[in-house]
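Everything below concerns the one structure shown next.
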Amino acid sequence: MDLSLFNPAFAQPAGSPIRELFPYLGRPGMLSLAGGYPSPALFDAEGLRAAAAAALADPAGTLQYGATEGTPALREALAGLSRQRGLAADAGDILVTTGSQQGFDLLLRVLLQPGDVVLVESPTYPAVLQALTLAGVQALPVPMDRDGLRVDAIEPLLAGLPPGRRPRLLYTVPSYSNPRGSRMPQARRAALVALAVRHRFLIVEDDPYGELRFDAEASPGAQAGVGPAAVGPVGADGSARASRHADPAAAAITPLHALGHALCGPVDNPVIHLSSLSKTVAPALRIGWMLASEPLRRRCAIAKQTVDLCTSPLSQAVAAHYLASGRYAPTVEAARQAYARRARVLTDGLRALPGDALQVEPPRGGMFLWLEDDGGAGAAGRRPSTSTPTPTPDPRRLFDAAVAEGVLFVPGAAFHVTPPSGLCLRLSFAALDEAALGEAVQRLARAWARALEP
Ligand code: PMP
């Protein structure tokens with residue numbers, strides 16, 4: 001095949017570093033801490049079966065093409081869900097997307113050209129780096145710490161850029177980031193939105209994990225003293241539909257989009273909010289959504305017309321019936337509790353690994369734990385400075401030893417624009433139960449020891 005006929009961006013394409021781990025997954029007995037897969041044990045198959053039956057009871061409505069923006073029932077339900085998360089939204093503000101991944105792709109098409117610059121938190125979600133590379137857009141990393149994106153690092157970075165290289169967009173996962181599991185505190189969120197307004201760039205707030213919080217303080221309704229279980233069916237009963245305004249008892253950790261709305265109003269809000277049912281209901285539904293100001297949302301809908309005409313109306317109907325059934329809140333609550341327990345098992349197990357400068361960040365939500373040898377820059381290591389320093393393994397040797405021991409993780413390089421110098425890796429605690437996680441940690445400890453052998 002004559003590759004010179006191809007788009008040069010695809011002449012030497014690099015596949016997703018995570019998807020390239022798939023061949024290892026098929027090995028008998030392999031325990032994977034690698035993928036961002038929700039736990040299959042937590043899928044509400046019974047509830048989804050009922051929702052699918054209800055959807056198919058209306059074949060003329062669900063087996064036909066649908067509006068590009070999404071079906072009215074699902075847009076209504078997702079607007080209700082958004083309000084419970086503290087966002088200002090009504091059905092007309094929602095663009096349904098085929099996974100939140102498509103939301104980012106549409107934004108790329110509408111907002112960016114080859115040669116543009118985008119700020120990305122670092123480490124970040126690899127599919128975003130891949131999408132930017134394929135679009136010929138330069139990703140400029142902004143460092144993170146345990147509290148997420150370091151907003152204080154942005155202005156010095158901007159000051160060092162030549163005119164004409166000003167970034168037009170910043171990408172962040174402020175709530176339980178992929179891969180760090182970090183959650184940006186309120187003050188930092190406000191500072192970020194104010195900075196975007198001052199320096200005229202847009203913010204993509206990617207939020208597939210926001211509902212998977214482990215601590216009560218960040219729960220919707222926490223300030224009003226009501227738990228997440230009090231959140232009822234969304235949309236169908238009209239209860240969350242009455243006003244466009246965010247539920248006043250909603251999230252103590254405010255979405256960036258809500259802060260942008262408060263600061264600039266609905267049209268000039270610099271924040272675009274992407275979310276998804278993949279991590280809370282099922283990735284196979286491929287239901288995501290975008291909340292963005294009207295001029296941008298309309299253009300994204302036009303871009304979507306050329307991409308897939310519409311998100312599967314059958315899938316949208318299943319999702320809408322499911323959200324109306326009242327089963328969503330208990331399903332999310334069960335996921336929160338299971339993931340919180342699993343995160344604890346993994347965190348405690350990893351703390352036993354040797355390494356003075358090894359930082360094990362206990363996640364406060366989401367699906368991921370980030371392990372990093374920061375050379376002592378973090379909390380000054382975990383041992384008194386008088387003890388003998390213990391090295392951490394070479395990343396490649398650790399990966400090979402882990403595969404040999406039967407445990408898989410994602411090497412940290414996958415999440416960086418430029419490869420990191422020290423050891424870092426992402427471990428997902430979502431898909432394995434506690435017993436399997438305990439075994440995976442033991443395998444990792446053996447691999448660790450093996451990789452340190454001379
Ligand atoms: N954003 C982030 C940060 C993710 O981790 C993922 C899934 N791994 C996505 C977006 C894509 O999710 P979806 O299934 O909704 O396309």
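The values are calculated or read from the model by the stated rules, or taken from the named source; none is laboratory data. Please read all numbers here as calculations on a predicted model, not as lab measurements. Here the Cβ positions follow ideal geometry from the backbone for every residue, glycine too, while neighbour counts run over all protein chains shown.
Worth a mention:
- Test result for residue 147, within 19 Å of the chain's Cα centre (by Cα), of a type in the set (D, E, K, R) and either away from the ligand (no atom under 12 Å from the Cβ) or more than 30 Å from residue 421 (Cβ to Cβ) (or both): yes
- Candidates 155, 205 - the one that is among the charged types (D, E, K, R), at pLDDT 95 or above and in a strand (DSSP E or B): 205
- Some residue of the range 43-56 being under 22 Å from the mean Cα position of the chain (by Cα) and in contact (Cβ under 8 Å) with a residue 12 or more places away in the chain: yes
- For the range 97-140, the candidate set comprises residues that are hydroxyl-bearing (Ser, Thr, Tyr), within 13 Å of the ligand (Cβ to nearest atom) and outside any loop (DSSP other than H, G, I, E, B); within that set, the residue that is surrounded by the fewest Cβ atoms within 10 Å (Cβ to Cβ) is 98.
- Scanning the range 142-193 for residues that are in contact with a Phe, Trp or Tyr (Cβ under 9 Å, 6 or more places away or on another chain) and among the hydroxyl-bearing types (Ser, Thr, Tyr) turns up 171, 175, 176, 177, 182.
- Criterion: over 18 Å from residue 285 (Cα atoms), charged (D, E, K, R), at pLDDT 95 or above and not in a strand (DSSP E or B) - qualifying residue of 83, 75, 49: 83
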